[in-house]
Amino acid sequence: MYFSKVFLLAIPVCLSVAVLAQGVQRDEFQNITNFKDAIFSKSVTAFSVDNPALRSQNDSISYDKIKGSPFWKDASQSALLYSSTGYIGALPVRINLATNKIYFIQNSEEMILSDNTVTKIVFQATNDSSVFISQVPNLLLNKKPVDGFVQVLNFGKYQFLKYTRRRLASADSPSHTSKNYYFTDDINYFIKCNDKVEAVKKLNKENLLIYLPSSSSYDTWAKENTINFKNEKDIVLFLNYYNAHLSN
């Protein structure tokens, strides 16, 4: 059931999060000129492409009337931000997976970045870090380029990418006199190696290993470590081991 909820995209990230974070100083907002045209996020609305009654942006629903959250994480988190040309700066941000917009804090006000300057976000958590990328070449879903942010789940030559599309859905109320609105996810996974990106149709051993040369030679290790190829975290463990033991 991994694919009943959200899509993704991806590109190569060759440096570890630790390396990316090393030596980077936290910037003040005014030094990050890419954000000067950001707009306030007050009264932000969600737009539906699924509900015929909400086809245009003139017909909208405020987030407080929708069950669930449009954000990857509700609270802003410290992150390093990069454009296609390099490092931009560090700010507390959060990603809206329904709109693919980046929210950040300026002078205690939450703002929305008004353009797509940021192509990589490295969240810096205490015990873990997460990387999101966008504008990934050759990353297609239903033969169309993926525009949203994709999470990079591991590092190395072969990367496991997760694209989550959070969309607005609706259902009749119990009385059938109104609509109840909620967020639901469509999730898609990809394997990326250099400039080649392959969609993983379903999370299982056969669909994954077909894209990993000589991966059958790691069967013993996978069995000894009880790797479940239907489990996202287990797949990451396997890919980390696989990448670390690839022949140079």
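The values are calculated or read from the model by the stated rules, or taken from the named source; none is laboratory data. The structure presented is a predicted model; accordingly, all values stated were derived computationally and were not measured. Because the Cβ atoms are built from the backbone with ideal geometry, glycine has one as well, and the counts that use them run over all protein chains shown. To get the accessible areas, we keep the full protein, side chains included, count just its heavy atoms, and leave off ligands, DNA and RNA. Shrake-Rupley method; radii C 1.70, N 1.55, O 1.52, S 1.80 Å.
Report yes if Gln159 is of a type outside the set (A, V, I, L, M) and either in a loop (DSSP other than H, G, I, E, B) or open to solvent by 30 Å² or more (accessible area, probe 1.4 Å) (or both), otherwise no. No. Please indicate, with yes or no, whether at least one residue in the stretch 82-90 is closer than 30 Å to Lys179 by Cβ, in contact with a Lys or Arg (Cβ under 8 Å, 6 or more places away or on another chain) and not charged (D, E, K, R). No, the stretch 82-90 contains no residue that is closer than 30 Å to Lys179 by Cβ, in contact with a Lys or Arg (Cβ under 8 Å, 6 or more places away or on another chain) and not charged (D, E, K, R).
Just one of (1) in a strand (DSSP E or B); (2) farther than 14 Å from Ile102 by Cβ; (3) touching a helix residue (DSSP H, G or I) at 6+ places or on another chain (Cβ under 8 Å) fails for Gln151. It is (3).
Specify the residue that is most open to solvent (accessible area, probe 1.4 Å); the eligible residues are those in the stretch 105-122 that are part of a strand (DSSP E or B) and touching a residue at least 60 places away in the same chain (Cβ under 8 Å). The qualifying residue most open to solvent (accessible area, probe 1.4 Å) is Glu109. When Tyr218, Tyr181 are screened for being open to solvent by 20 Å² or more (accessible area, probe 1.4 Å), of a type in the set (Ser, Thr, Tyr), at pLDDT below 95 and not in a helix (DSSP H, G or I), only Tyr181 passes. For the stretch 74-86, filtering for residues that are surrounded by 14 or more Cβ atoms within 10 Å (Cβ to Cβ), out of contact with any helix residue (DSSP H, G or I) (no Cβ under 9 Å at 6 or more places or on another chain) and not polar (S, T, N, Q) leaves 1. Just a yes or no: is a residue in the stretch 87-104 of a type in the set (Phe, Trp, Tyr), in a loop (DSSP other than H, G, I, E, B) and open to solvent by 20 Å² or more (accessible area, probe 1.4 Å)? For the stretch 87-104, residues of a type in the set (Phe, Trp, Tyr), in a loop (DSSP other than H, G, I, E, B) and open to solvent by 20 Å² or more (accessible area, probe 1.4 Å): absent. All of Ser130, Ser108 fail the test of being under 11 Å from the mean Cα position of the chain (by Cα) and of a type in the set (S, T, N, Q), apart from Ser130. Does Val131 fit the bill of being touching a residue at least 24 places away in the same chain (Cβ under 8 Å), in a strand (DSSP E or B) and of a type in the set (Val, Ile, Thr)? So Val131 fits the description; yes. Pairs linking a residue in the stretch 189-214 that is part of a helix (DSSP H, G or I) to a residue that is open to solvent by 50 Å² or more (accessible area, probe 1.4 Å) and not β-branched (Val, Ile, Thr), with Cβ atoms under 6 Å and 6 or more positions apart or on different chains, are Asn207/Lys201.
Here is the figure for the stretch 194-209: residues that are within 17 Å of Ile133 (Cβ to Cβ) and open to solvent by 100 Å² or more (accessible area, probe 1.4 Å) total 2.
Of all residues in the stretch 221-248, those that are modelled with pLDDT of 95 or more, assigned to a loop (DSSP other than H, G, I, E, B) and open to solvent by 30 Å² or more (accessible area, probe 1.4 Å) total 5. When you check Asn116 against the structure, is it under 17 Å from Gly148 (Cβ atoms) and at pLDDT 85 or above, yes or no? Judged against the criteria, Asn116 is not a match.
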